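Just so it is clear, none of the values below were taken in a lab; they were calculated from the coordinates. Here the structure is a predicted model, which means the values were calculated and not measured. So basically every Cβ, Gly included, is an ideal-geometry build from the backbone, and we count neighbours across all protein chains shown.
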């Protein structure tokens, strides 16, 4: 658990450390601590005859975003998000004798960079937004399971509510799929011109996160 806490603190310190430097160069930097809820999700396991899915129950999430304006309607966004949950097995049919459905506790830390588009103008009381980010998610299960670092993305949207020049509120929802691995499906397609193509089963963790944050502008 010490390693997981260290991984979670590093991006937080990095974002906080970037803010004063960037604020000296560009006006309108936004730092937003967030808290929310990440709904039940599953890792697909189509190739298994015993396990239907490996589930991650819903739980509280929290994180931090930093936004750097590059255009009146476009910001560069840096995201760190954390969730603490569990890994649970959903068996096909009756579970094997002595099987434990709870595999381990699980921490998920997501670090991503992308763009955020906003509607309206900078002085508007309410502005809708859409964001798209790419990066990595660190999945850290307890016990003897290995920590995995995998490619992930985020697509989301919501609204920002302006309270003053320095303070606001952000409400949003994110879709956060995480690539896990690809397995040989055993199926092939052959073309006399292009040759043979092998099909794979791709396993991924698909999560939906709702959140609220306090916007602090520099």
- Fewest Cβ neighbours within 10 Å first, please rank 209, 55 accordingly. 55, 209
- Message: Test of understanding: ordering 60, 54 by Cβ neighbours within 10 Å, fewest first, what list do you get?
- Response: 60, 54
- Note on the structure: residue 76 and residue 216 label points (each 7 Å along its Cα→Cβ direction) are spaced in nm at 2.2
- Task: Can you pull the one-decimal nm distance between simple spin-label points at residue 202 and residue 144, each 7 Å off the Cα toward Cβ?
- Result: 3.2
- So how far apart, in nm, are the two label points at residue 164 and residue 40 if each is 7 Å from Cα heading toward Cβ? 4.4
- Taking neighbour counts of Cβ atoms within 10 Å as a proxy for exposure, in what order, fewest first, do 71, 82 appear? 71, 82
